[in-house]
1. Taking a temperature of 10 °C and a viscosity of 1.306 mPa s, what whole-number D in µm²/s does Stokes-Einstein yield for the stretch 89-214 with Rh from Kirkwood over alpha carbon pairs?
2. What is the local net charge at ASP255, summed over the other residues whose Cβ is closer than 11 Å to its Cβ (Lys, Arg +1; Asp, Glu -1)?
3. Pick out, from GLY278, TYR299, SER249, the residue whose Cα sits farthest towards the positive end of the charge dipole of the chain, with +1 on the Cβ of Lys and Arg and -1 on the Cβ of Asp and Glu.
4. For the stretch 376-535, count all C-alpha to C-alpha pairs, find those more than 23 Å apart, and express that count as a whole percent of the total.
5. Rounded to the nearest whole Å³, what is the per residue volume of the convex hull around the Cα atoms of the stretch 56-128?
6. Please name which of ALA92, TYR119, VAL327 has its Cα lying farthest along the dipole of the chain towards the positive end, using unit charges on Cβ (Lys, Arg +1; Asp, Glu -1) and the Cα centre as origin.
7. Which semi-axes, in whole Å and largest first, does the equivalent ellipsoid of the chain have when worked out from the alpha carbon gyration tensor as the square roots of 5 times its eigenvalues?
8. Contour minus end-to-end for GLN426 and GLN293, with contour as 0.36 nm per residue of separation and end-to-end as the Cα-Cα distance?
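The values are calculated or read from the model by the stated rules, or taken from the named source; none is laboratory data. Because the structure is predicted, anything quoted here is derived from the model rather than measured. Here Cβ is always computed from backbone atoms with ideal geometry, including for glycine, and neighbour counts include all displayed protein chains. Surface accessibility is based on the protein's heavy atoms, side chains included, excluding ligands, DNA and RNA. Shrake-Rupley method; radii C 1.70, N 1.55, O 1.52, S 1.80 Å.
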Amino acid sequence: MHILFDEAGKLMPGRLLSEAESSLQVELDSGKRLKVKAANALLRFEKPDPAQLMPAANALSADMELELAYEFAPDDEFGFADLAREYFSAQASTEQLVATLVCLQGAPHYFRRAGKGRYKKAPPEILAQALAAIEKKKQVQAQIEAWAAELAEGQCPQPVRDQLYKILFKPDKNAPEYKAVVEAARSTHLNPLALLERAGAITSAYQFHWQRFLFDQFPKGTGFPALQAPMIADELPLASVQAFSIDDSHTTEIDDALSLQGLGSGTVTLGIHIAAPGLAVLPDSAIDQVARQRLSTVYMPGHKITMLPDAVVQAYTLMAGRDCPAVSLYVSFDETTLALRDSRTALERVPITHNLRHDQLDTVITEDWLTGEAPAGAAIAEAHLDALQPTLAFIFRLARHLKAQREVVRGKPENFNRPDYTFRLQGGSGGEPDGSETVVIGTRQRGAPLDLMVAEAMILANSTWGNWLADCGVPGIYRSQASLAPGVKVRMGTKAQPHAGIGVPSYAWSTSPLRRYVDMVNQWQIIACARHGKTAALAAPFKPKDANLFAVISGFDAAYTAYNGFQNGMERFWTLKHVQQAGITELTATLFKDNLVRADTLPLVLPVMGAEGLPRGAHLRVRLGAIDEITLEVSGTVIERLDLTEGVTPEAAAEDGEDGDDDGLAAPLSLAIDVDEVPPAEPAAS
């Protein structure tokens, strides 16, 4: 005697060895013996042999017409044998009985299970829906196969092109466009990026990086709603200073300016004046909502996406020739010893007399000119800056003093051995770059006099205001670093804590409210302190442990990291463009870590072959390999070691490059598409 039983939904025939009240002992054709629940036995038969039954039944089942079986089936619940007798004959054979059972199991859209071996017809309207879904699935699969074939042949279907960035970085893995790319990548044995490049989906490397960033960070576009800058309601006093700003020529969001009073009196007062959108833009207003969504201006060579609309920026920027609303910090110093005496904050209008541009003046406002060891050049006279020399000279002297004080706290001097690189694009349309421009890479020495003056003044303001917020019991957004030990990162929080990297007791970004949302938030808090003093905690927009403040920190941290990553990536893109445009095939570089070298005259870090066994700091000549503008990768080969003949020890060269070792290294291009992943199972139609 043989039986057919259901084992976890699978039909299995076997020879019956013995049976008890609730279980059966069965031997399979393989010789394996199983204990089967009696309730799972569906059919007992003498013939055919179990090894022959299932092949014969499956063949018969494949020929059964489901529509006809559906018509023959009773409207009420029925057993598979009942349908077999209706469909085949009243004396249906074992093979026909099992074929009917296989057919019923394989057609859940026609027949629903009602128990072991028992079924019920699906209602006609449900069946119609299920059949339509099956037909649609067939059509979609046919479309997937057609698109995959086009991709494999080197052509990109328009729907795939339209979904390019979604497919690669945030895919819906059930979408037909995604499945077509995966299927084509598997059939051609190409990685998805190479496949899409070959098919023409990526026509411009620049646009690939730019559109990918917009897709990720600005899916609704970079335009602004119609917004009007509100007027400042306060009657602000006019400050008795002549202030000037120091920025590069492309800066439109002029956040900060400086002034100096009291030269020759023994007590000199440095004024640090910050644009004051916080006096007019209120929390939760329409402009605030835009700023909070963007959180920062995005910078890249030749272009930027501002945090605020240009009309709003122009209403509050510190433009020369205007009396501009400002939050001013006045810090008094002993003119001889430079000892700090006191500080105060004022809400006022500040006359801005000059917008100095350091890219135009760095070569003329030099340390020698500031110390009187060199005469003023023609550029100084043309810009009418002779009268500023005493002011700039004192601020430069003060900046060096403040830097030296911070370095005592840091425990070591700040390293300015590497220059800052500048990127200028030529030959474009004048609007948004398209990648065809010629790039000119220049250098600006970090720690140049104008740069140092601004940097130290901003550190002084951010630290002083950070301490003041804490003294007033008003929360702010701080940046802190516990120590300079390896792996200790800068963190953002609401408590005033030391910043070891800068060497100050606390540090609250407050000096760029037109381009960083954190600074706008801190400015609101500072304004409350300026207006209310010790009772400011009651009036400040953000209270201690305010959930909104923590939400700002979380959002800003993520956005700022993404924006900086994009800026670094685009600078690397244009650096590689420069290498191509200038026909650079070899360059000199310094080994700083494992097989990584840093180019001497370009902002470029790359891996090289042939560096095994060389010491950190070795100076090398490197031959460049192929450049990939999509992944931003380039490698090189060491062809000569130079420091052995230059008289520079590797140790000295290593010390020159000890900070920021990985700056400029291409971040790996991480795709969310996985050709090896098993496709997610789709629910059966029902």
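1. Answer from the Stokes-Einstein relation: 89 µm²/s.
2. -2
3. The Cα lying farthest towards the positive end belongs to GLY278.
4. Of all Cα-Cα pairs in the stretch 376-535, 56 percent lie more than 23 Å apart.
5. 75 Å³
6. TYR119
7. Taking √(5λ) for each Cα gyration eigenvalue gives 72, 32, 25 Å.
8. Stretched out fully, the GLN426 to GLN293 stretch lengthens by 44.7 nm.
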